[in-house]
Structures are given as C-alpha cells and as structure tokens.
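Student: The structure under discussion is supplied below as structure tokens; questions concerning it will follow.
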Amino acid sequence: MRVVVAEDSVLLREGLIRLITDRGHEVVGAVGDGEELVACVDELAAEGQLPNVVVADVRMPPTHTDEGVRAAVRLRETHPSVGVLVLSQYVEEQYATELLTGSTKGVGYLLKDRVADVREFVDAVVRVADGGTALDPEVVAQLLGRSRRQDVLAGLTPREREVLGLMAEGRTNTAIAKSLFVSDGAVEKHVSNIFMKLGLGPSGDDHRRVLAVVRYLRR
C-alpha cells in the first residue's frame, strides 16, 4: 500500500509514518499543509506513482480550519481512485458530510484518538485504500442523530438500519454478525435487502457498500 500523509504537527506526522511503515506499507509522501498535499499527489500522478490512499488532518495551515478536508475533497475529484482518510480532534459534521457527498469509494473519517489503537488505525487505512469506508462510531452516531431525508430510508427495517450503521463503521459481515449475535447468513440477507431497497444494482459488493453508507449518512 502506498500512502501520503498530511499533518502539520511534525511529531504526529512522524508517528503516523512510523505506524504505517512498521506494518509493511510505504509512505511515498509526507507534507504539512493542504496545498502541499494536492501538489504532492499531482506530482506522484504525473510520475505514474499515484498513492492508494491519503491520510490527512482536517485542520492545517495557514488558518487551521478546513484546509485538510478541502484538499481531500479536491483530490477525490481529481484523483477518484485515491482513497481519502481524514483525521480530526473532534466530530465536525459539516466536514464529514462534505467528504461523504459524492463519494463512491475509499472514504474515511476518524477521530485522532483512534490512532492510539495501532492495529485498528492501520486496518482502517488499508480498508479505505481498498475502496471501503472507515467512519468513526462517534461520527456515525452524530450524523444519524440529525434530521435526514426519510424518503431514502423509509423502506428499511430497524434491523436493516442497524446493519447499515455498522457497515458505515467499515465492519465486515462477520463482524456485524458477532456484534448483533446473529448468523453470517442473516447479515448477508439484510445486506442484500438494503442494496435492493436503496436501488443499488450489481456493481461489485464493496462499491455498493460505500454507496449505501453514503446514502444513509448524507443529508
């Protein structure tokens, strides 16, 4: 896996690099602000060395507001094959929503506290690089707590919504089954029903999972 890391804190940036490389992956770029991130990925693309995923802090110089997520959104538009995982100190619904809007693959939003669980963090990076989702449970909870369009989800049963919420966190069918104390087969049936009710025809299961999650969480 080829990764670009964008974090203005040198200490945290070096820590992220170490966590990723220690698990056998390659960090092909490390930058400190949003503009450098976009330039780095563009340069790698020009060399035919596009990364699999970008890990970026939401807030970076010069204003420390939304530079990271803005850069992530730009990269998603210009290099859609690159997964984007953003890190934030707090759940910021506006940024999470903006990141999800229009996403069809490889998207993640984690709180920085999750980095402390090295295995969980690196697994999330890999999942996003492979085109899946990695949304912090707190992000999912807050996005689901607000008012959402009911027409998209009205046909889902309470159990199907529960399954879809766990899918949003990036859990596999087996992990969902363990969490809900049901069989793998039961989860597979729920997932198939979700795809059908959301009008997601055959297009690769991983791709449909991301589309289902985006529809679930987006306004």
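Quick note: the coordinates plus some simple rules give every number you see, no bench work behind them. Since the structure is predicted, the reported quantities are computational estimates derived from the model, not experimental observations. Note: ideal-geometry Cβ built from the backbone for every residue, glycine included; neighbour counts use all protein chains shown.
Student: Quick one: Karplus J couplings for segment 172-184, per residue in order, coefficients 6.51, -1.76, 1.60, θ = phi - 60°, nearest Hz, x for Gly and Pro?
Tutor: Karplus values, whole Hz, x for Gly and Pro: 6, 4, 5, 5, 5, 4, 5, 5, 9, 6, 10, 7, 4.
Student: At 222 nm, what value in deg cm²/dmol follows for the chain if DSSP H runs of at least 4 each add -39500 (n - 2.57) and the sum is divided by all its residues, to the nearest 500?
Tutor: It lands at -16000 deg cm²/dmol.
Student: What does the charge count around LEU11 come to, taking other residues whose C-beta lies under 15 Å from its C-beta (Lys +1, Arg +1, Asp -1, Glu -1)?
Tutor: Summing Lys and Arg as +1 and Asp and Glu as -1 gives -1.
Student: Hey, another quick one. Any idea what the relative contact order of the chain is, in percent, if you count C-alpha pairs under 8 Å spaced at least 6 apart?
Tutor: Averaging sequence separation for qualifying contacts and normalising by length gives 16 percent for the chain.
Student: Ok, one more. Which one, ALA129, ALA186, ALA30, has the greatest fluctuation when you compute a Gaussian network model over the chain with C-alpha springs under 10 angstrom?
Tutor: ALA186
Student: Okay, next question. Around VAL31, which amide H atoms from residues at least 5 apart in sequence, or from another chain, sit under 5 Å from its own amide H, with H modelled in the peptide plane?
Tutor: Here VAL5, ALA6, GLU7 satisfy the definition.
Student: How would you rank PHE121, PHE195, PHE181, going from fewest to most other Cβ atoms within 10 Å of each one's own Cβ?
Tutor: PHE181, PHE195, PHE121
Student: Can you tell me the 0 to 90 degree angle between the C-alpha axis of helix 118-129 and the longest principal axis of the chain, rounded to 10?
Tutor: 80 degrees
Student: Amide H of ASP66 versus every other amide H placed in the peptide plane: which residues, excluding those fewer than 5 positions away on the same chain, fall under 5 Å?
Tutor: Under 5 Å from the amide H of ASP66: MET60.
Student: How large is ³J(HN,Hα) for each residue in segment 74-90, as worked out from phi by the Karplus curve 6.51 cos²θ - 1.76 cosθ + 1.60 (θ = phi - 60°), to whole Hz, x for Gly and Pro?
Tutor: Values, residue by residue: 4, 5, 5, 7, 8, 9, x, 7, 8, x, 10, 10, 9, 10, 9, 6, 10 Hz.
Student: What ranking of TYR90, TYR95 emerges when the number of other C-beta atoms within 10 Å of each C-beta is taken as an exposure proxy, fewest first?
Tutor: Fewest to most other Cβ atoms nearby, the residues stand as TYR90, TYR95.
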